[in-house]
Every structure is written in C-alpha cells, then in structure tokens.
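Below is one structure, written out as structure tokens; the observations come after it.
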Amino acid sequence: MKKAVIVGSGIAGLAAAIRLQNKGYQVQVLEKNAYPGGKLTQIAGNGFRFDAGPSLFTMPNLVTELFEISGKKSTDYFNFDQLDILCNYFYEDGTQIVASADIDTFAAEMEQKTTDSAEKVKKHLEKSAFIYEVTSDQFLNKSLHKLSSFLSLSTLVAVLKSPFLNIFSSMNQVNESSFSDSKTIRLFNRYATYNGSNPYKAPGILNIIPHLEFGLGAYLPRGGMHEITNSLVELAKEIGVEFHFNQEVITIETERSLVKSVTTASGNYAGDIVVCNADIHTVYEKLIPSAKKLQEVDQQERSSSALIFYWGIDGEFPELDVHNIMFTEDYKAEFHHIFESKTISEDPTIYINITSKKIASDAPKGKENWFVMINVPSVYGQDWEMMIAQARKNILSKISRILGQDIEKLIHFEQQLTPQLIQDKTYSFKGSLYGTSSNNRFAAFFRHKNFSSQYKNLYFCGGSVHPGGGIPLALLSAKIIDKLIK
Ligand SMILES: Cc1cc2nc3c(=O)[nH]c(=O)nc-3n(C[C@H](O)[C@H](O)[C@H](O)COP(=O)(O)OP(=O)(O)OC[C@H]3O[C@@H](n4cnc5c(N)ncnc54)[C@H](O)[C@@H]3O)c2cc1C
C-alpha cells in the first residue's frame, strides 16, 4: 500500500486523511496537540460546554459526503439541525433585527426596521446567489493554479470582467450603492468578516457569502460544532487511518524533487505523499526551509484574528438567539483599527454565540453558555494584556447597555482565547483565523495553491491555502487535493 502522511488534524487534515485512505493509501496523521480538530475543538468547566472556535456551520454536505464516500450512513455518526433564525442583530438606537432564514420574512423585517425596501433586500440576495452559481465551480471546487481547471483563459477573463461580480468595487461600495440605511449596509458588510477580511477593501464578489446562509442554510450539529471533529475522527479510525497525537513534525525531508518523510521528536514517518494541513507560512518557515516560497507567503496580508471570552452566564436572555450581533456605530473605524493601526476599537462589534439555546446540556438549568467574540488584528507585537483588559471593559459595558443588565455580575465561569493563544495552539501564523486576508481583488489568485511546484508529491490543505478559510472552504481544499492526486 502507498503511504500518505498528513501534518495536522484540523478539519482539512481530517478530510484529506479520509479521502486518501479511501483512495487506497495507508494514511498516518501526525498532530502536535494531544487532541484532534485544531481550531475546531471545545472547552468545558463549571457545568458549561463551549465550542472553542467555529460556531457557524454552513454547507454540511461537505461533511456528510465524507461518510458517503467511505460507504457509511452519515446519520449513524453525525446529525445536525437547520436554524430558523440566522442571527439577531442589535443596534445602539435600540433597533433589533431578526434575520430569519426565510428570505421573504427577513426582507419584510428589513423593510420594517430600516429605510430599505424588501424588494432591494431580495434583489441583493438574488445577486448573491447568482455570484455563487457563476463562480463556485471555477473558484471553489478546483485548483486555481492548473491550466486544466479552466475551460479557457478567455472564459476566465470574461467571467472576471462581468460587472455583476463587482471585482473592481469594494464590498462596501457595492452595498452602499444597493442600500441607503447604514443598518442594512453594516449587516451585509459584516459578511466580509466570515473570511477575516475588511469590507472597505475586499472586492464586491465577496457578496457571495450571504448566499451560503440565506440560500444554502445555517446549521447546528447536535452536540455542538465539536461533533464535526469527533465524528470524522471516528470515521477515519474505522476505515484504517492511524493517528499519532503529541507528535509535532519538525522537518520534512526531501530528495531532489520529492519529499521523502517527515520527522517528529520521536520518529521518522516515510510517505509517498505528504499533505500539510498546518498553516502554509509555518510549513515554509519551520518544516521545509529548502522550499523557495517563504518570502512570497510572508508578503501577504494576514486575515483578522479574534478575542473570545467564554462566559458561563447566570441567567437567561430570551431576546438572544444562537447567533447574535451587537453592532458598532462606526464600522469603518473598527476595520481601520483591525487592519491599519492593528489595535482594538473602543466600540467593537460584538458577536455572542449561545449553543445552550438549542443544546440544553451545554449549560446548567437557568444559565447560558456565552461565546463572546470580537474581531481583532493578528499578532504584531502589541501590548495584548492592556488591550484585552480594555476590550473586556468595553464589551461588558456595551452588552450591559444593550440588554439593560449588569452582565459582569452574572459571569460564573470565564476563559479566554487570544490571538497569541490561537497561534500557540494551532501554529496559525500570527494567530490569524483564515490565513491570508481577501483585502484585494486578486487575493484568490495569490492564496497559496494546493500543491507544491518544487516537490511533486507535496500537497497543502486547510484555511491558509486555496480556496480559503472557514470550515466549508477548508473541506473543499481537501477535495481539490483528492482530485489532484491520481
Ligand atoms: C475563534 C474562531 C472562530 C471561527 N469561526 C468560524 C465559523 O464560525 N465558521 C467557520 O466556518 N469557520 C470559523 N473559523 C475558522 C475555522 O475554524 C478554520 O478555518 C478551520 O477550522 C480551519 O481548519 P484547518 O484545517 O485549516 O486547520 P487548523 O484548525 O488550523 O488545524 C491545523 C492543525 O495542524 C496542527 N499542526 C500545526 N503544525 C503542526 C506540526 N508542525 N506538526 C503537527 N501538527 C501541526 C495544529 O496543531 C492543528 O491541529 C473560526 C476560527 C476561530 C479560531
């Protein structure tokens, strides 16, 4: 049997392992941590359980198909429910918008709560669906770096030039031309943060993202997001994948144009192919210095990072749902802080995820598990201790103001996840959540490819390479590798 070695057991590493084992390889996964899943893990304490990283689950078919290609019934391992409410939005003037998954209901709500019409909202979502239809096959499902992926270069150029895709305008410019109310514009600009980008710089084509929620649906796995990791590890083990935890890969050995093996502190693992799920920057910087790519990867702007407070809250808040957003009044200034001054805004937009709304066992009776997150810059030597203490105060004061209760008094459990910890735990360069940012119109082409041009049997998957970060795209990266490997 040919051997495949996977470096890292993040969601993409798990998907690659399952795909390659099904392809006839004997797969070994080497993971530096004692646990699988990378960012997709969980924490618990004082009777509360929290998904530690991702909280929004879209395109579940990319998970279930891993069971299907392994000849298993996905529902024997993994189950999830579609959410009726995508998000509850809160603004400082007291406006609350409930984003129903049903487009007509959502559009009517927008017409009632903003100065924008239902018709405009529906048109925007139709366009989002159109961008998805036109581009997903080319940009998400295939390698962007193989000529054979394109019907022809002229078709690609024609697609890119289409005014409907808004490649030459920023997402904010497109949204400002579609809507007049700042509440609507902020609501749709926020989708840039789904891949860690800045809506004032990222191209309008990112208006594809609302379609993932409104068109394809938002879901919550039964048992929480961490069940994605658990069920895939169970499947992988069942079909014969071998896992080695606490095994940090320190070098990848090469011989002329081939990689031969990888080495950890306690052993050497030979592979006919090696797939790196670790952040591409870390791979070039630390594992394979003979590769000539570090400088190129180094020059690219990183995506945003996150600061998370896991709070066990003594109380229940009926006005909150699973996903909630409390908007800043000055969204542009917030992104200036994140990407230009690399600081934290005094009035950040706050995301609160509460899985106990649907999964009763995630919090003791009468309490809620709050995952409170703000977008922050990646690590550039800032004074994080000071910035985090200040942010905590500002967050508490904003939530308390909006909900009309002193929230600090209700905190019965607390843990934090900081950009530095994200970097330390998963080796994501500078703690960025999604690899490089998409803050320029050609970002999709600059994102690192899924294979090495220098070493014929070296491949890359995960959020730091094509097609991008987030669970669905990381899963697609493994699917692209599956297509590339004979
Ligand atoms: C706080 C937060 C919120 C997020 N929210 C969402 C969301 O709501 N929805 C969404 O879709 N996405 C979200 N994301 C992004 C999502 O988590 C990631 O894009 C996705 O999990 C990427 O997984 P990955 O496969 O790239 O690898 P990672 O999860 O980064 O895993 C890489 C693995 O490689 C291991 N590794 C690294 N170097 C080595 C080495 N040398 N040797 C051995 N092992 C190594 C690491 O330990 C890690 O386990 C969020 C991320 C975070 C942190």
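If you scan region 191-219, which residues turn out to be surrounded by fewer than 23 Cβ atoms within 10 Å (Cβ to Cβ), in a strand (DSSP E or B) and not aromatic (F, W, Y)?
A218 - this is the single residue of region 191-219 that is surrounded by fewer than 23 Cβ atoms within 10 Å (Cβ to Cβ), in a strand (DSSP E or B) and not aromatic (F, W, Y).
For (1) more than 16 Å from the ligand (Cβ to nearest atom); (2) farther than 30 Å from W370 by Cα; (3) touching a residue at least 12 places away in the same chain (Cβ under 8 Å); (4) surrounded by fewer than 21 Cβ atoms within 10 Å (Cβ to Cβ), each residue gets a yes or a no:
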position	(1), (2), (3), (4)
R256	yes, yes, no, yes
A265	no, yes, yes, yes
C276	no, yes, yes, no
K292	yes, yes, yes, yes
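Just to be sure I understand, how many residues within region 128-161 are at pLDDT below 95 and open to solvent by less than 20 Å² (accessible area, probe 1.4 Å)?
7
What about A12, is it more than 30 Å from S361 (Cα to Cα) and crowded, with 23+ Cβ neighbours inside 10 Å?
So A12 does not fit the description; no.
Of the conditions (1) touching a strand residue (DSSP E or B) at 6+ places or on another chain (Cβ under 6 Å); (2) more than 22 Å from L410 (Cα to Cα); (3) more than 11 Å from the ligand (Cβ to nearest atom), T95 satisfies every one except a single condition; which number is it?
(1)
Can you confirm whether M1 is at pLDDT below 95 and either surrounded by fewer than 21 Cβ atoms within 10 Å (Cβ to Cβ) or within 23 Å of the chain's Cα centre (by Cα) (or both)?
Numbers: at pLDDT below 95: yes; either surrounded by fewer than 21 Cβ atoms within 10 Å (Cβ to Cβ) or within 23 Å of the chain's Cα centre (by Cα) (or both): yes.
Here the answer is yes, as M1 does meet what is asked.
Per-residue answers, yes or no, for (1) polar (S, T, N, Q); (2) open to solvent by less than 50 Å² (accessible area, probe 1.4 Å):
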position	(1), (2)
A333	no, yes
K365	no, no
F371	no, yes
S378	yes, yes
W384	no, yes
R392	no, no
K398	no, yes
R401	no, no
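Give me the pairs: first residue in region 3-16 and in a helix (DSSP H, G or I), second residue open to solvent by 10 Å² or more (accessible area, probe 1.4 Å), beta-carbon distance under 6 Å, and six or more apart or on different chains, which are they?
I11/I471; A12/N277; G13/N277
I need the full set of residues from region 99-109 which are out of contact with any Leu (no Cβ under 7 Å at 6 or more places or on another chain) and touching a residue at least 60 places away in the same chain (Cβ under 8 Å), in order please.
F106
Test of understanding: among F164, F188, which residue is open to solvent by less than 20 Å² (accessible area, probe 1.4 Å), in contact with a helix residue (DSSP H, G or I) (Cβ under 9 Å, 6 or more places away or on another chain) and not in a loop (DSSP other than H, G, I, E, B)?
F188
Identify, please: which residue in region 452-462 is of a type outside the set (S, T, Y) and modelled with pLDDT of 95 or more and is, among those, most open to solvent (accessible area, probe 1.4 Å)? Before the answer, list the steps.
Keep residues of region 452-462 that are of a type outside the set (S, T, Y), which gives 454, 456-458, 460-462.
Now restrict to residues that are modelled with pLDDT of 95 or more: 456-458, 460-462.
Details: K456: 147, N457: 16, L458: 1, F460: 2, C461: 1, G462: 2 Å².
Filtering first and then ranking leaves K456.
I'd like to verify a number: residues in region 220-254 that are touching a strand residue (DSSP E or B) at 6+ places or on another chain (Cβ under 8 Å), among the hydrophobic types (A, V, I, L, M, F, W, C), assigned to a loop (DSSP other than H, G, I, E, B) and closer than 29 Å to F371 by Cα, how many?
Total meeting the criteria: 1.
For region 298-325, which residues satisfy the criterion of being more than 20 Å from the chain's Cα centre (by Cα) and not in a loop (DSSP other than H, G, I, E, B)? Lay out the reasoning, then the answer.
Step one: filter region 298-325 for residues more than 20 Å from the chain's Cα centre (by Cα), giving 298-299, 311-321.
If the condition is that a residue be more than 20 Å from the chain's Cα centre (by Cα) and not in a loop (DSSP other than H, G, I, E, B), then D298, W311, G312, I313 are the ones that fit.
Show me the helices (runs of 4 or more DSSP H) entirely contained within region 377-486 in which 3 or more residues are within 13 Å of the ligand (Cβ to nearest atom).
419-426, 471-484
Since I43 meets every condition but one in (1) within 16 Å of the ligand (Cβ to nearest atom); (2) open to solvent by less than 20 Å² (accessible area, probe 1.4 Å); (3) part of a strand (DSSP E or B), which condition does it not meet?
The one condition I43 does not meet is (2).
The values are calculated or read from the model by the stated rules, or taken from the named source; none is laboratory data. Treat the numbers as computed from the prediction; the structure is a model and nothing was measured. Because the Cβ atoms are built from the backbone with ideal geometry, glycine has one as well, and the counts that use them run over all protein chains shown. Quick note on the areas: whole protein, heavy atoms, side chains included, nothing else; ligands and nucleic acids left out. Shrake-Rupley method; radii C 1.70, N 1.55, O 1.52, S 1.80 Å.
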